[in-house]
Structure formats: C-alpha cells, structure tokens
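The values are calculated or read from the model by the stated rules, or taken from the named source; none is laboratory data. The shown structure was predicted, so the numbers you read here are calculated from the model rather than taken from an experiment. All Cβ positions, even for glycine, are placed from backbone atoms using ideal geometry, and neighbour counts span all protein chains on display. These accessible areas exclude ligands, DNA and RNA; they are computed on the full protein's heavy atoms, side chains included. Shrake-Rupley method; radii C 1.70, N 1.55, O 1.52, S 1.80 Å.
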Amino acid sequence: MQWPWRRRKVVVVVVLRKLLTCAICVIALMGLLSVRVHVFPSSKVSDLTDPYKLPTVTQQHELNYQKLSAEKKWTQELTPPHLSKEQAPPHLSKAPLSSHKLNGANGSLDFEKLWKQPSNRDFVPCVQPGSNYTAPDESRGYLLVHTNGGLNQMRAGICDMVAVARIINATLVVPELDKRSFWQDTSNFSDVFDEDHFINALANDVNVIKKLPKDLSSATKVVMHFRSWSGLEYYRDEIASLWEEFQVIRAAKSDSRLANNHLPPDIQKLRCRACYEALRFSPKIEAMGKLLVDRMRAYGPFIALHLRYEKDMLAFSGCTHGLSDVEAEELRTIRENTAYWKIKDINATEQRSRGYCPLTPTEVGIFLTGLGYPSNTPIYIAAGEIYGGDTHMADLRSRYPILMSKEKLASVEELEPFTNHASQMAALDYIVSVESDVFIPSYSGNMARAVEGHRRFLGHRKTISPDRKALVRLFDKIEKGLLMEGRKVSNRISEIHKKLQGSPRRRRGPVSGTKGMDRFRSEEAFYVNPLPDCLCKRVSGNVNASTASMR
C-alpha cells in the first residue's frame, strides 16, 4: 500500500527540482540582461580613445589622479562613507530606489530613446592651421589681460585674448583672473588651469609668459577697454598702432572683445585650440572631477542638470516666480545695491513670459517627467547653492529622489581644497556636465553655453535645451488647473524639443532686422557652436584635420 504513495512523492520531488532549476535560469538570464542595459549607454559616452575628450580621461591625468589621490587621500570608492544607503548606487545598496513611473511619464518611450546620442553626421574636430600658418612673429610688446566674470565668461575671454595676441604680434602674459566679481574668488590662473600646459600647447601660436619681466615694471603702459565684438581690422589698425608709443598694453576686460564671425579661418581654429586643447583645468581639479564622474557612473547613465536657480542669477534677472514676497524683496535689494548691474527695474511677469527666466526646480521636474525620464533617473545638480534650499527643491526631489551634487558625492575632506573658491567649484561641475550622458541647462547662461559648445566639439553629445518661452505657457496652464500632467503634456513637451537635442547645425547669425551692437548681441556666440569653423565632415574615414573638409 505504500508504493503508490512513494511513487507520487518521487514525482513531486522531480517536478519541484525542475521548477527550481528553471527559476534559477530565468533569474540568471534577467541579471545578465540588466547588467547589459545598465552598461550600454555609459560605455558609449565613456569611450576614452578620442583625443579631444576632457583631459580627465587621458593617460597623463590618470597618473596625476593616482598621485593626487595618494596625497589627498582621494579614493576610487564608488560611494563615499558619508552617503546613506538610500543615496548609494543601486547595485551597492540593499534597498535600491524603486523605478515606478510618475503620472505624465510616457511609458512607450524606451530606454534607448531617452539616452541615445544624436547623430554627429560625421562631423569631427578640424583645428589644425592651414599650410601658410607660421610660428609667431617677433613680439612687438606685451599684452596684459584682466579677465572678468565667472569661470566660463573668463574661459571664453582668455581664448579670445590668445587670438588677439596673435593678431597684434604680442607676447601674452598669463591672464589675471577676476577677483572682484560677485563671487569674490581669490584663485589665480594656476589654481584653476594647468599653467605650464597652457604655455606649451600654444608655443607654435603665441609667445606666452607667466609674468611681465621685471625690467618692464616701469615701462610705458596703456589701459584699454577693447571694443566689443571687434574684427581683424580693429586690432590690426587701431590696437597694433599703440606699439609705436607703448611697450605694454593692458586689456581691462576680456569678455566679448572679439567678433563671433567673419574672422580668418586660422584665427577661428586658434580660438578652438586655445579653448579645447590648451585651456586645461589644473591637475587637482581634473582628478577630483574624474572622481565625481566615476561616482555618478556607478548609478548608471545620468543627467547633468545645470540648475541656475541661485541667488545671484535670480537677483540679476529679476525673476521671482514661485518665490515669497520676502524672497522677492531680498533679490530686488541685491540688484539695487550691485552697482555694475545696470538694469534695476524689472517686470518679473513679463521677463518670464518672454523666456528670460531660468526654470524653477518645480518646472524642471515637470519638464523631465514630460520628456519621459522615470523617477529613478540619476541627476547631478551642477550649481551653486540653490536659493531657498530644500523649500524650493522639495517638488523636484519628490519626483527624482536620486539628486546628487559634488557635496553629496564627495566628502568634506575631499572637497576642502576647492571650498570657498567659486571658480574651482564651478570647474568641477563643468567636468561632470561635459562628461554626462545627457546635459540639460535650466537657463542659457555662460556655463550652459560653454558646456553645450564643448559637447558639440566632442561629437555632439546629447544636450537638451529647454524652450523656456513655450514651456512657460504650458506650466501656467498646469498651475491654473487648465491642463493636467499626462500623455498630452508629455507629447507636447517631446514634440517641442525633438530638434533641440544637440544635433549638428551651423552657428546662427544675427537676428534679422537688428542693428548696431544689438546685431552682435543677437548672434550665437562662437563658443556655443564651433561649427563650421572647427568641425568638418570626415573624409574617407580619416579624421586628420588636414584631410577633412566641409561638404
């Protein structure tokens, strides 16, 4: 009587074993697929063989990184000890954040569509000078430069002054950084940039020295405010003629002193060599920047969000939407008391409706959701201190909990060498932004424009530029209850930004009908889009600049 029972028992055991085996196989297969999905997008962006990538990825700077890591106790740990389990990269945390979709996210948007880079249409860097380009002529005098503005305004100005020095046959003294701007940063050139590399990289273009020779300390000097957006004739005729009387010319400002367009090809290419090859960040900044990128990569593909919602920006622009009366008054007072900000009375409502205001953190959340990015998307906040702090960040954080920043990714000890130096902290954000899978600026300021141009130069990496004027109309309808977040809003946002993702295009000229200085102001800045001057079509698979040409 026991045999049938035993046979049934054996059959049950066999069936259970087969089911268990199948379950294990399915789990293993899912694990392999998840790893593949996790790595694919980042690996496309992280191909480090391109010589024009940020110097953080070059072999030399790998050595600098290792050396500085030992000196400063920086490590390659993906999660610094001060992060909580909830903030740790998902594959290192025991309780990873869920990937539930929020209302309004378009579930049909697949992973590749969110992260795929736009086609570069075979445009590659072509910055080598022409066959008639010669070594710098004999110097006629010395050019001193006092840069002005924040980090990226100074970067563009420095590169322009390299070109000016070439045009007027001057020896360029390493520029002085602005120490009197809003940020009150005491950093010198060598604190932010690799000074020796800057000098050596430009040896065939311009004579560059670190300091003015002592025997010239009493030489006749002239301080000049170079005319904004000036062309070749202005510098060759008016400025170069000063050498007949003066040995040293001092440029009081460096921003926007050189025209965007209609300059000789070799001068335009020199500007790009200065910006993307010579002007490298200092080794300690490069090393720390690479560490931040590595730690963000631990979360998978990520967005770098330049959230320009800082006190100085809001005070300067007069944008007060979403702020309290007390906050708005504080910003008005700052603007009133800042002497070199010329416009004092600003209509905040009109400013916003014309698209001149940065998106608020809440608006950014609606925008990202509308594009289809799920709530577990890692986001690096490239910004200084957000005005109002957690009060204004709460809604964005509720939508996207994995909000990281340099202060979260690195310990206090690791950031200590850069703290209280706005330009150096901004440089760290710049590196992460250029190396991110997707870059999104909430405002088209100097940082956003510089990063966009660099990403275009490096292969047209995905950069989504919000159409703020169009978005404000949508946001206002949502705020008034006339429109609900959902598929309709998502489709509209996606449609508006279909062609605003960093694809190759020629630099835009002046707006039709504008005259005088307004004509120059309306042009797209040279460093926002280096095409066609510094990007050419690949010819026969050869990326060498001497064999590349525009089609």
Query raised in the report: Going through region 125-160 one residue at a time, which ones are open to solvent by 10 Å² or more (accessible area, probe 1.4 Å) and assigned to a strand (DSSP E or B)?
Result: Pro125, Tyr142, Leu144, His146
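On the given criteria, is Phe457 open to solvent by 40 Å² or more (accessible area, probe 1.4 Å), in contact with a Phe, Trp or Tyr (Cβ under 7 Å, 6 or more places away or on another chain) and farther than 21 Å from Leu371 by Cα? Don't jump to the end; show me each part of the working.
Details: open to solvent by 40 Å² or more (accessible area, probe 1.4 Å): no; in contact with a Phe, Trp or Tyr (Cβ under 7 Å, 6 or more places away or on another chain): yes; farther than 21 Å from Leu371 by Cα: yes.
For Phe457, the condition - open to solvent by 40 Å² or more (accessible area, probe 1.4 Å), in contact with a Phe, Trp or Tyr (Cβ under 7 Å, 6 or more places away or on another chain) and farther than 21 Å from Leu371 by Cα - is not met.
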**Report entry** Which numbered condition Leu263 fails, given (1) more than 29 Å from His421 (Cβ to Cβ); (2) touching a Gly at 6+ places or on another chain (Cβ under 6 Å)
**Finding:** (2)
**Report entry** Pairs, first under 17 Å from Pro374 (Cα atoms) in region 481-498, second of a type in the set (Val, Ile, Thr) and surrounded by 12 or more Cβ atoms within 10 Å (Cβ to Cβ), C-beta under 7 Å, six or more apart
**Finding:** Glu485/Ile366; Glu485/Thr369; Glu485/Ile478
**Report entry** Count - residues of region 416-437 that are hydrophobic (A, V, I, L, M, F, W, C) and over 14 Å from the mean Cα position of the chain (by Cα)
**Finding:** 2
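Hey, among Asp255, Asp294, Asp266, which residue is in contact (Cβ under 8 Å) with a residue 24 or more places away in the chain, in a helix (DSSP H, G or I), surrounded by fewer than 21 Cβ atoms within 10 Å (Cβ to Cβ) and not assigned by the TED database to the domain that holds Tyr430?
On the way: Asp255 fails: in a helix (DSSP H, G or I); Asp294 fails: not assigned by the TED database to the domain that holds Tyr430.
Among Asp255, Asp294, Asp266, only Asp266 is in contact (Cβ under 8 Å) with a residue 24 or more places away in the chain, in a helix (DSSP H, G or I), surrounded by fewer than 21 Cβ atoms within 10 Å (Cβ to Cβ) and not assigned by the TED database to the domain that holds Tyr430.
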Query raised in the report: On the given criteria, is Val124 farther than 20 Å from Arg456 by Cβ and either among the hydrophobic types (A, V, I, L, M, F, W, C) or assigned by the TED database to the domain that holds Asp312 (or both)?
Result: no
Query raised in the report: If you scan region 214-243, which residues turn out to be in a loop (DSSP other than H, G, I, E, B) and either modelled with pLDDT under 95 or not assigned by the TED database to the domain that holds Arg155 (or both)?
Result: Ser217, Ser218, Ala219, Thr220
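Just checking, which of Arg271, Arg280 is open to solvent by 10 Å² or more (accessible area, probe 1.4 Å), in contact with a helix residue (DSSP H, G or I) (Cβ under 6 Å, 6 or more places away or on another chain) and modelled with pLDDT of 95 or more? Steps first, please.
On the way: Arg271 fails: open to solvent by 10 Å² or more (accessible area, probe 1.4 Å).
Of Arg271, Arg280, the one residue that is open to solvent by 10 Å² or more (accessible area, probe 1.4 Å), in contact with a helix residue (DSSP H, G or I) (Cβ under 6 Å, 6 or more places away or on another chain) and modelled with pLDDT of 95 or more is Arg280.
Please verify whether Arg354 is of a type in the set (Lys, Arg), on the phi < 0 side of the Ramachandran plot and open to solvent by 60 Å² or more (accessible area, probe 1.4 Å), treating the condition exactly as stated. Can you show your working first?
Numbers: of a type in the set (Lys, Arg): yes; on the phi < 0 side of the Ramachandran plot: yes; open to solvent by 60 Å² or more (accessible area, probe 1.4 Å): yes.
Considered against the rule, which asks whether it is of a type in the set (Lys, Arg), on the phi < 0 side of the Ramachandran plot and open to solvent by 60 Å² or more (accessible area, probe 1.4 Å), Arg354 comes out as yes.
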Requested in this report: Pick out the one residue from Lys342, Lys311 that is out of contact with any strand residue (DSSP E or B) (no Cβ under 8 Å at 6 or more places or on another chain), farther than 26 Å from Leu403 by Cα and not aliphatic (A, V, I, L, M).
Outcome: Lys342
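For the subset of region 182-210 comprising residues that are more than 29 Å from Asn420 (Cβ to Cβ) and part of a helix (DSSP H, G or I), which member is nearest to the chain's Cα centre (by Cα)?
Narrowing region 182-210 to residues more than 29 Å from Asn420 (Cβ to Cβ): 200-207, 209.
Now narrow it down to the ones that are part of a helix (DSSP H, G or I): 200-201.
Values: Asn200: 26, Ala201: 23 Å.
So the residue we want is Ala201.
Yes/no matrix, rows are residues, columns are (1) in contact with a Pro (Cβ under 8 Å, 6 or more places away or on another chain); (2) open to solvent by 30 Å² or more (accessible area, probe 1.4 Å); (3) farther than 22 Å from Arg449 by Cα; (4) aromatic (Phe, Trp, Tyr):
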{"site": "Ile381", "(1), (2), (3), (4)": "no, no, no, no"}
{"site": "Met393", "(1), (2), (3), (4)": "yes, no, yes, no"}
{"site": "Tyr400", "(1), (2), (3), (4)": "no, no, yes, yes"}
{"site": "Lys408", "(1), (2), (3), (4)": "no, yes, yes, no"}
Query raised in the report: Within region 300-318, is even one residue in contact with a Lys or Arg (Cβ under 7 Å, 6 or more places away or on another chain), of a type outside the set (Val, Ile, Thr) and open to solvent by 40 Å² or more (accessible area, probe 1.4 Å)?
Result: yes
**Report entry** Check on Lys179, of a type in the set (Lys, Arg), open to solvent by 10 Å² or more (accessible area, probe 1.4 Å) and more than 28 Å from the chain's Cα centre (by Cα)
**Finding:** no
